[in-house]
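Quick note: the coordinates plus some simple rules give every number you see, no bench work behind them. Quick caveat, the model's predicted, so the values are computed rather than measured. Here the Cβ positions follow ideal geometry from the backbone for every residue, glycine too, while neighbour counts run over all protein chains shown.
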Amino acid sequence: MTGGKPDASDRGQPNSGNRPPSVDRLARSIASSGLPHTLCVEVAREAIDSQQIDIVDQLARIRLRQLLTPVINATGTLLHTNLGRAPVSIRSQATFANVELDLATGARGSRQRTIGDIAATACGAEAALVVNNCASALMLVLAGLASGRGAAVSRGELVEIGGAFRVPDVMKQSGAQLVEVGTTNRTRLSDFASAFRVADIAVVLSVHQSNYKISGFTEQTSVTDLATLGVPVIADIGSGLLDSGCPWLDGPPPAWLAEEPAARQTLEAGADLVLFSGDKLLGGPQAGIIAGRRDLVEQCGRHPLARALRPGGLVIEALQQTLLAYLERDHEAIPFWKMANESQPSVRNRAQAVADSINRTNETGDPAHPMVKVVDTDSVPGGGTLPGRTIASAGIAVARDITEQLRNWDVPIVARVQDGRTICDLRTVDPSQEPDLIDALDAALHP
Ligand SMILES: *Cc1c(COP(=O)(O)O)cnc(C)c1O
């Protein structure tokens, strides 16, 4: 070896009875993996310790694939929790930004002011505050408005949203005392009124049952009724639908939205604050928005936790971009709404083009035995929202399970398996990603 990268012949042979190769030599042999040297050393050590020297390249690739990387979502689940919920774009160049600088005066500004104003305008609120996610929004509001006092919640709304986010646990951490009201299936205004007679209640909390439905003999107290109780009403609507009329779409609200609560209408109904996620139906980055009465928003903003839960500049920028698109009524500029709003025939056409392209390269060239078929599918909103709602869609079906090969493609592609077939739903695949999908399918079908 003269200077060049060491190759596999440098590693010594496994199981040959020779001494194991040095960690450093083995690490250098995987230098081309793309991992920093320090991580190559870790992989090399692991390979030696586990006697897997012969597959050290594979171990390096496994480690590389653990890094966060763009993936193609062919699952048909628009807000896929495992894939970071809503897709958002951020600039790729390093730059400073006026995160806390008032450009008009040159003085220190507030990172919350402008984004808060825009968020407030977007949902018809007096003021708004942005934090890291909706769970932190709930925690901050309860800490800011009800610490050491009671927060009344219907027993039917003490929900677990997923990822072990349980409303009662968040409430405990906030220092507010949970006052359970009514029963699992029925909670009336009079139940709340009775709770007020026995406990010191600072706020009433209404939590949207995002991911499940209680049906049958049920009764929920409306926000309008709760607003008559004389304390602030906090509505955790979760999903971040801004306006039930969806004025950013060209047509009427889609049927799959059904009775999903919206920020604007919940405030109009009498909520003093609404809380929602940035990365569910809002279609922005992970964030939590607290919007409503200015005095309450400011009270939350003054709580020490507000500093701990504040968003970074990248999040503010991505959220600003999303909210400005709403104000422009430009759903095409919000990837979630662009995906959600595409007509089924349009998705089907794209699926057909992908299928044609793959079947053309079919070696047998037998039109009676296409390698892939176009199928109608049901996309789902996902993200723990709108259980049971589907969006008619279309995709590609392959007769066997090739999801592992697709996942291992350079740009990982996540698809789903249904009755032993691989289904790639095109609704969640951007047209710009189709060439990659075609290449990956080709490679998997023509090994
Ligand atoms: C999803 C959801 C949350 C949690 O939101 P995150 O932004 O994931 O923290 C809280 N409340 C409701 C009702 C939700 O649907």
*What whole number of Å gives the distance from the Cα centroid of segment 257-296 to the Cα centroid of segment 32-57?*
48
*Given the peptides 277-290, 96-109, 73-86, arrange them by the average over their residues of other C-beta atoms within 10 Å, most packed first.*
277-290, 73-86, 96-109
*Can you list the aspartates and glutamates whose alpha carbon is less than 20 Å from that of Lys373, not counting same-chain residues fewer than 8 positions off?*
Asp356, Glu363, Asp401, Glu404, Asp419, Asp425, Asp430, Glu434, Asp436, Asp439, Asp442
_Choice from Leu386, Leu229, Leu426 showing the highest fluctuation, given a GNM over the chain with Cα pairs closer than 10 Å_ = Leu229
_Output the 0 to 90 degree angle, nearest 10, between the alpha-carbon long axis of helix 313-327 and the longest principal axis computed from the alpha carbons of the chain._
70
*Round to the nearest 0.05 the FRET efficiency obtained for Arg421 and Ser32 when R0 = 41 Å and r is the Cβ-Cβ distance.*
0.65
*Rule-of-thumb check for the chain: C-alpha Rg over 2.2 N^0.38 Å?*
1.18
_Full-stretch length increase - Asp54, Asp169 - with 0.36 nm per residue and alpha-carbon distance subtracted_ = 36.6 nm
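At R0 = 30 Å, how high is the FRET efficiency between Glu160 and Ser194 if r is their beta carbon distance? Nearest 0.05 is fine. Write down the numbers at each step before the final one.
Details: r = 26 Å, r/R0 = 0.87.
My answer for the efficiency is 0.70.
At a Förster distance of 22 Å, what's the computed FRET efficiency of Arg307 paired with Ala107, Cβ-Cβ distance as r, to 0.05? Write out the running numbers ahead of the final one.
Working: r = 19 Å, r/R0 = 0.89.
Once rounded, the FRET efficiency stands at 0.65.
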*Taking the Cα-to-Cβ direction at Ser346 and at Ser92 and moving 7 Å from each Cα, how far apart do the two end points lie in nm?*
2.6
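Counting only other residues whose beta carbon sits under 15 Å from that of Ala392, what net charge do I get with K and R as +1, D and E as -1?
Values: positive: Arg348, Arg350, Arg389, Arg427; negative: Glu342, Asp376, Asp378, Asp425.
Result for the neighbourhood of Ala392: 0.
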_Based on alpha-carbon centroids, what's the gap between segment 369-409 and segment 128-171 in Å, whole number please?_
35
_Which of Asp225, Asp425, Asp376 ends up with the largest GNM mean-square fluctuation for the chain, with Cα atoms connected below 10 Å?_
Asp225
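Near Ala195, within a Cβ-to-Cβ distance under 15 Å, what is the net charge of the other residues, with Lys and Arg +1 and Asp and Glu -1? Numbers along the way, then the final one.
Numbers: positive: Arg149, Arg155, Arg186, Arg188, Arg197; negative: Glu157, Glu180, Asp191, Asp200, Asp225.
Neighbour charge sum, excluding Ala195 itself: 0.
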